[in-house]
Amino acid sequence: MFSYLHAEEPYLRHVEKDVLIPKIVREKARVLCSEKVEAFTKCCQESGFLMVVKCREENAALKECLTKYYRDAALFEECKQEYLKEREEYRRTGIPSKKREQKLPTSM
């Protein structure tokens with residue numbers, strides 16, 4: 001059972017634990033399963049309306065790959081730490097990570 005009394009474990013809101021961190025996990029899973037994503041996409045493009053029937057094998061392989069990563073506790077923990085680092089930086093600077101990564105315009 002988890003205890004929220006540990007000082008080293010930061011508090012996560014429901015939206016962070018159930019929405020924001022899983023979003024990072026999904027993005028990483030798509031990258032880790034990119035070969036399966038590409039195979040499924042190619043099959044769909046080549047099959048048109050028959051993709052539901054013709055791409056079952058590629059779809060099953062993609063789902064299996066993605067599900068493996070969605071259930072990976074180590075990947076979730078990695079993504080949680082990444083999220084916490086971004087959250088800490090945002091709280092420190094007030095600048096979202098997407099804005100920090102953008103270059104400032106040289107002229108106005």
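Where a number appears in this text, it was derived from the coordinates with a stated rule and is not lab data. Only a predicted model underlies this, so the values are computations on that prediction, with no experimental measurement involved. Quick reminder, even Gly has a Cβ in these numbers, built from the backbone with ideal geometry, and neighbours come from all protein chains shown.
One table, with the values for the structure above:
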quantity: Chymotrypsin sites (Phe, Trp or Tyr not before Pro) lying in DSSP loop within region 1-100, provided at most 15 other Cβ fall within 10 Å; calculated: Phe2, Tyr4, Tyr11
quantity: At most 13 other Cβ within 10 Å, DSSP loop - trypsin sites (Lys or Arg not before Pro), region 7-61; calculated: Arg13
quantity: Restraint check, Lys17/Lys42; Lys42/Lys98; Lys42/Lys80; Lys17/Lys98, Cα-Cα greater than 29 Å; calculated: Lys17/Lys42; Lys42/Lys98; Lys42/Lys80
quantity: Alpha-carbon gyration tensor eigenvalues x 5, square-rooted, for region 14-92, Å; calculated: 32, 12, 10
quantity: Cβ-derived FRET efficiency at R0 35 Å, Ala61 paired with Val19, nearest 0.05; calculated: 0.80
